[in-house]
Amino acid sequence: RDLESQLSAAREELKSGKHELHEAHEEMDCRLKAQVAEADRVLQDVITEADGDCAVLEHQLFRMRAVLQDTERQLKETKAGLDVLNADVSGLGEELKRMEHELQNAWAVEGTLNNDLGTSKEEISGYKTCLEDSERLVKGFLQAATAF
């Protein structure tokens, strides 16, 4: 009988242990489900935030690409303008050299003309002197002829 009561007590203890184990298992299952739900919520929050960050970054990337394209276009235009200016400067340099050469030629012609002018003035002065001498001589002839 003692064995039966021990066996009965052991069965009751086993039954109670099974019940406690079942309750503990259910409680642990509830906590685990709550942790999984919380982890899922946190993960969804992280995904939502990452999606938002990704959208912001994609928008910034789009804007930066537009800025880059505009900057590259401006750079090409500036380079083209610079090429035109360089060509203009080169052309103006050639024009300046040509004009300097023409100016030197003009100065040479001016020098020659000044020399010719000086020579012509001297010749005119000589002709005037000769003319004056001729006029005096003619006057002298006229006076001599009228005196006879």
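The values are calculated or read from the model by the stated rules, or taken from the named source; none is laboratory data. Only a predicted model underlies this, so the values are computations on that prediction, with no experimental measurement involved. Counting neighbours? That spans all protein chains shown, and the Cβs are built from the backbone with ideal geometry, glycine included. These accessible areas exclude ligands, DNA and RNA; they are computed on the full protein's heavy atoms, side chains included. Shrake-Rupley method; radii C 1.70, N 1.55, O 1.52, S 1.80 Å.
Need one word for the range 1-78: rounded, prolate or oblate. Basis is the Cα gyration tensor (sqrt eigenvalues a ≥ b ≥ c); a/c below 1.5 gives rounded, then a/b vs b/c decides. Because a/c hits 1.5 or more and a/b exceeds b/c, the range 1-78 counts as prolate. Tell me which lysines have Cα within less than 21 Å of LYS128's Cα, excluding those fewer than 8 residues away on the same chain? LYS128 reaches LYS139. All other residues whose Cβ lies under 15 angstrom from that of GLU26 are scored, Lys and Arg at +1 and Asp and Glu at -1, for a net of -1. Backbone phi angles across the range 4-10, fed through the Karplus curve with coefficients 6.51, -1.76 and 1.60 (θ = phi - 60°), yield HN-Hα couplings of 5, 5, 5, 5, 5, 5, 5 Hz in residue order; Gly and Pro are listed as x.
Could you do me a favour and compute the accessible area per residue for the range 20-119, 1.4 Å probe, result in Å²?
Per-residue accessible area for the range 20-119 comes out at 89 Å².
3J(HN,Hα) along the range 20-33: 4, 5, 5, 5, 5, 4, 5, 5, 5, 4, 4, 4, 5, 4 Hz, from the Karplus curve 6.51 cos²θ - 1.76 cosθ + 1.60 with θ = phi - 60°, whole Hz, x for Gly and Pro. For the chain, the Cα-based Rg and Dmax, in that order, read 60.9, 209 Å. For q values of 0.18, 0.20 Å⁻¹, compute log₁₀ I(q)/I(0) with the Debye formula on a Cα-only model of the range 30-114, without solvent. Relative scattering, expressed as log10 I(q)/I(0), comes to -0.90, -0.96. Expressed as a whole percent, the accessible area of the chain that falls on carbon and sulfur atoms is 61 (1.4 Å probe). What would the Debye equation give as log₁₀ I(q)/I(0) for the range 44-83 at q = 0.24, 0.29 Å⁻¹, counting only Cα atoms as equal point scatterers? Taking Cα atoms of the range 44-83 as identical point scatterers yields -0.74, -0.84.
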